[in-house]
Structures are given as structure tokens and as C-alpha cells.
1. In nm², what is the average projected area of the convex hull enclosing the Cα atoms of the chain?
2. Based on the inverse mean of 1/r over its pairs of different Cα atoms, what is the Kirkwood hydrodynamic radius of segment 1-68, in Å?
3. So what J values fall out for segment 40-47 if you push phi through Karplus, 6.51 cos²θ - 1.76 cosθ + 1.60 with θ = phi - 60°, rounded to Hz, Gly and Pro as x?
4. Taking the chain as a Gaussian network, Cα atoms linked when under 10 Å apart, which of Thr56, Thr90, Thr68 shows the biggest mean-square fluctuation?
5. What does the charge dipole of the chain about its Cα centre add up to, to the nearest 20 debye, if the Cβ of each Lys and Arg holds +1 and the Cβ of each Asp and Glu holds -1?
6. Using a Gaussian network model on the chain with a 10 Å cutoff between Cα atoms, which of Met28, Met82, Met97 fluctuates the most?
7. Of the beta bridges DSSP finds with both residues in the chain, what % are antiparallel, to the nearest 5?
8. For Lys64, go through the aspartates and glutamates and keep the ones whose alpha-carbon is under 12 Å away, minus same-chain ones fewer than eight residues off.
Amino acid sequence: QVQLVESGGGLVQPGGSLRLSCVASGSMFSIDDMGWYRQAPGKERELVASQTIIGTTDYTNSAKGRFTISRDNDKKSVYLQMNSLKPEDTAVYYCKMKIKIRIYGDTYDYWGQGTQVTVSS
């Protein structure tokens, strides 16, 4: 059974930094794309940043220049370094990984349980 577990959320003042981590566990053949999403109260879940298996990254406009996504394939982990945080970054942050369980099987999306990030003075 594949599980994704996030950590690193919390309360931070505007202008501060946080580093989110997400690690996958369980039996799997490979992990393709990894990404971070967020959902603020009353809003739809949105993509924050993603990274392909070859390292290509994509960011939502509001995250460009402030957030950095990275991955460690050996550790089955993805990270999100968030700097210059703003109150509008407040949300529950979720990691998502596209995982292939078996060598000839399909690839499925797996989600973490979410970690709360609150930016407030």
C-alpha cells in the first residue's frame, strides 16, 4: 500500500520561510511526476509547483521566484522550499506523485494527507 506523508507546515510570519517535505512509502516500481498543490478555504485546489522525472519544473505564477521544488528519487521524496511567504499563501498543502506500482502496470496519482501552512503576523 503506497502512502505519502507530508511534513514541515506551520505558522510563519509574512516574509518568513518554510520547507515542506513529502515521502512515499510502500511497494512501487517507479515515480514519475511529483508536485505540490494547495487549497485555501473556499477555493479550489491549485497546482503550486511540479517536477518531472527528468527535472523539468513548472510553477504557478504566484510562486515563481519565491518557491523552489526539488526531489530526491533515491529517498522517494519531494520538497518545497517557500521563501518570502505572504498571507495569501495560507492554505493546506498537498503533495502528489504519479506512481507506477508494477513494471507493466498503469501509473496512478497518489496524494498526501495535507499539511497546513499559515502565514500571519
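Only the coordinates and a few stated rules stand behind these numbers; no lab work does. Quantities reported herein were computed from a predicted structural model and do not represent experimental measurements. For neighbour counting, all protein chains shown are included, and Cβ atoms are generated from backbone atoms with ideal geometry for every residue, glycine included.
1. Its Cα hull, projected and averaged over all orientations, spans 7.3 nm².
2. When all Cα pairs of segment 1-68 are included, the Kirkwood radius is 14.0 Å.
3. Whole-Hz 3J(HN,Hα) from phi for segment 40-47: 8, x, x, 10, 7, 5, 10, 6.
4. Among Thr56, Thr90, Thr68, the largest GNM mean-square fluctuation belongs to Thr56.
5. Details: 14 positive and 12 negative charges, 25 e Å.
That gives the chain a dipole magnitude of about 120 debye.
6. Of Met28, Met82, Met97, the most mobile in the Gaussian network model is Met28.
7. Values: 41 of 44 bridges.
About 95 percent, rounded to the nearest 5.
8. Excluding near neighbours in sequence, the set is empty.
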